[in-house]
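Remarks on the structure that follows.
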Amino acid sequence: MQFTLTSEQQMLADSVHRFVREHHRFDQWHAQAIAGHAFNEANWQHMADMGWLGLGIAPEHGGIGATPVETMLLMDALGRGLVREPYVSSCVLAARLLADADHARTPDLLGGIAAGTVRVAVALAEPDGRFSLQRVATSAQQVAGGTYTLQGCKSWVPDASSAHWLLVPARTSGGVADREGISLFLVPADAPGLRMEHYRGADHSHASRLFLSGLSLPASAMVGASGQALDLLETAVDHAIAARLAEACGAMDAVQAMTLDYIKTRKQFGVAIGSFQALQHRIVDMAIACEEARSMLNHATDSLALPAAARQRAVSAAKARIGQCALFVGHEAIQLHGGIGTSDELVVSHYLKRLVMIDMAFGNSDYHLSRVADSIPAAPTAEPATAPQLESEFA
């Protein structure tokens with residue numbers, strides 16, 4: 001499956017690719033990662049000035065109102081450069097939640113996101129959540145005066161260390177695994193009763209653990225209807241997954257291209273190792289995996305406007321297969337580079353780490369494969385053939 005890009009979409013893709021080449025060279029990326037910076041503020045503002053932070057935000061809120069295809073093109077280019085700016089967290093996931101929910105601060109927050117002055121992180125994962133959005137143990141109890149008191153823990157919140165606001169799902173009613181009863185709250189990053197522990201992932205991405213202990217919020221902090229946040233979360237997360245898959249496809253294409261260049265120049269026994277037929281077959285397998293992943297990405301992106309069941313199945317199928325292809329391409333790149341491929345000084349090792357983290361984000365391949373399997377209706381049981389039928393078949 002392929003998209004035919006319009007001239008405007010092609011211009012967007014070209015401009016982002018040029019930005020990545022000029023501002024995200026590996027030496028720049030590596031220096032910032034070693035220094036512990038979450039992202040580059042100047043690059044973030046440049047992205048805002050170009051209008052990229054507001055791609056998915058409606059024009060009345062200061063954005064462009066583009067389709068998911070434009071987000072896919074942007075994330076593909078960012079994936080090629082291992083860009084670590086908190087685009088998906090703030091401009092896709094949080095922006096989608098704020099746009100779909102009814103809240104008084106929505107216009108100001110979306111306008112700030114598009115302008116690059118506001119960043120919002122979403123706290124989804126819990127210690128016992130196992131990737132499930134509806135398994136929420138964090139509680140929000142309403143007390144006298146209409147305020148809510150939040151208690152609980154969020155185990156993995158990407159980009160929380162650089163966020164000004166947090167969107168926190170908490171249970172206002174029902175059991176831990178019920179679909180109903182999940183509400184969404186807008187929490188200032190410096191709110192009393194909120195403690196964060198920041199850490200870095202294997203790919204140098206920044207994430208945090210959130211500890212909510214007696215965090216008091218006014219009733220106006222609730223985003224959307226009480227107890228009805230799960231549908232909003234599922235829709236926003238599917239858009240965020242599609243964006244991450246585009247990033248993975250860009251990273252896969254980049255690492256496959258650099259591996260091809262490497263085997264063309266690396267010599268053993270006086271000849272380039274790319275002349276060995278066995279290695280040619282492996283590089284072709286990598287190219288096929290990249291094309292298969294991109295086809296699944298295109299299908300998932302095209303399915304985001306479908307009803308919930310069809311959208312979720314398409315996105316989960318893409319997440320499962322692209323995760324498998326991404327890990328295959330990353331590991332093959334390491335193998336074909338040899339021992340040097342594992343070194344921190346060579347960019348190929350960082351591509352593999354990033355692909356591993358993308359596979360884990362919002363549920364790994366196994367989790368989404370099980371979701372696809374569960375969505376397929378059971379085949380009807382065939383009636384056993386009678387003896388006369390068997391005799392006629394073998395007559």
Within segment 138-171, considering residues that are over 23 Å from VAL118 (Cα atoms) and part of a loop (DSSP other than H, G, I, E, B), the one least open to solvent (accessible area, probe 1.4 Å):
THR138
SER205 being hydroxyl-bearing (Ser, Thr, Tyr) and in contact with a Leu (Cβ under 9 Å, 6 or more places away or on another chain)
no
The conditions are (1) farther than 18 Å from SER89 by Cβ; (2) β-branched (Val, Ile, Thr); (3) not in a loop (DSSP other than H, G, I, E, B), and VAL176 fails exactly one of them. Which is it?
(3)
Taking the residues in segment 36-53 that are assigned to a helix (DSSP H, G or I) and in contact with a His (Cβ under 8 Å, 6 or more places away or on another chain) as candidates, determine which candidate is most open to solvent (accessible area, probe 1.4 Å).
HIS46
Within the bounds of segment 293-307, is there any residue that is farther than 14 Å from MET72 by Cβ and either in contact with a His (Cβ under 8 Å, 6 or more places away or on another chain) or in a helix (DSSP H, G or I) (or both)?
no
Selection within segment 192-245 - in contact with a strand residue (DSSP E or B) (Cβ under 7 Å, 6 or more places away or on another chain), without any contact (Cβ under 8 Å) to a residue 60 or more places away in the chain and open to solvent by 10 Å² or more (accessible area, probe 1.4 Å)
GLY193, LEU194, ARG195, MET196, GLU197, HIS198, TYR199, ARG209, PHE211, SER226
Touching a Leu at 6+ places or on another chain (Cβ under 7 Å), of a type in the set (Val, Ile, Thr), open to solvent by less than 10 Å² (accessible area, probe 1.4 Å) and under 27 Å from ILE376 (Cβ atoms) - does that describe any residue in segment 310-321?
no
Exactly one condition in (1) assigned to a helix (DSSP H, G or I); (2) crowded, with 20+ Cβ neighbours inside 10 Å is not met by GLY363; state its number.
(1)
Within segment 66-89, is there a residue that is modelled with pLDDT of 95 or more, assigned to a helix (DSSP H, G or I), touching a Pro at 6+ places or on another chain (Cβ under 6 Å) and open to solvent by less than 50 Å² (accessible area, probe 1.4 Å)?
yes
Can you find a residue that is more than 30 Å from HIS299 (Cα to Cα) and touching a Cys at 6+ places or on another chain (Cβ under 6 Å) anywhere in segment 180-193?
no
Would you pick out the residues in segment 199-217 that are within 19 Å of the chain's Cα centre (by Cα) and either in a strand (DSSP E or B) or of a type outside the set (Ser, Thr, Tyr) (or both)?
TYR199, ARG200, GLY201, ALA202, ASP203, HIS204, HIS206, ALA207, SER208, ARG209
Show the residue pairs that are 6+ apart or on different chains and have beta-carbon atoms under 7 Å apart, the first residue being within segment 353-377 and among the β-branched types (Val, Ile, Thr), the second being at pLDDT below 95 and loosely packed, with under 14 Cβ neighbours inside 10 Å.
VAL356/ALA202
If we keep just the residues of segment 126-137 that are touching a helix residue (DSSP H, G or I) at 6+ places or on another chain (Cβ under 9 Å) and farther than 16 Å from MET222 by Cβ, which is surrounded by the fewest Cβ atoms within 10 Å (Cβ to Cβ)?
ARG130
Test: residue in segment 58-65 that is outside any loop (DSSP other than H, G, I, E, B), among the small types (Gly, Ala, Ser) and open to solvent by less than 60 Å² (accessible area, probe 1.4 Å)
no
Unique residue being at pLDDT 95 or above, aliphatic (A, V, I, L, M), at negative phi and surrounded by 15 or more Cβ atoms within 10 Å (Cβ to Cβ) when the list is LEU327, LEU346:
LEU327
Step by step: first the residues of segment 253-285, then only those that are open to solvent by less than 80 Å² (accessible area, probe 1.4 Å) and part of a loop (DSSP other than H, G, I, E, B), then the one that is nearest to ASP76 (Cα to Cα). Which residue is that?
PHE276
Which listed residue, of ARG105, ARG119, ARG135, is closer than 24 Å to SER365 by Cα and basic (Lys, Arg):
ARG135
Answer from VAL122, VAL176, VAL136 - the residue that is touching a residue at least 12 places away in the same chain (Cβ under 8 Å) and under 30 Å from VAL83 (Cα atoms):
VAL122
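The values are calculated or read from the model by the stated rules, or taken from the named source; none is laboratory data. Please read these numbers as outputs of a predicted model, since none were measured by experiment. Don't worry about glycine lacking a Cβ; one is built from the backbone with ideal geometry, like all the others, and counts go over all protein chains shown. Heavy atoms of the whole protein, side chains included, go into the accessibility calculation; ligands, DNA and RNA do not. Shrake-Rupley method; radii C 1.70, N 1.55, O 1.52, S 1.80 Å.
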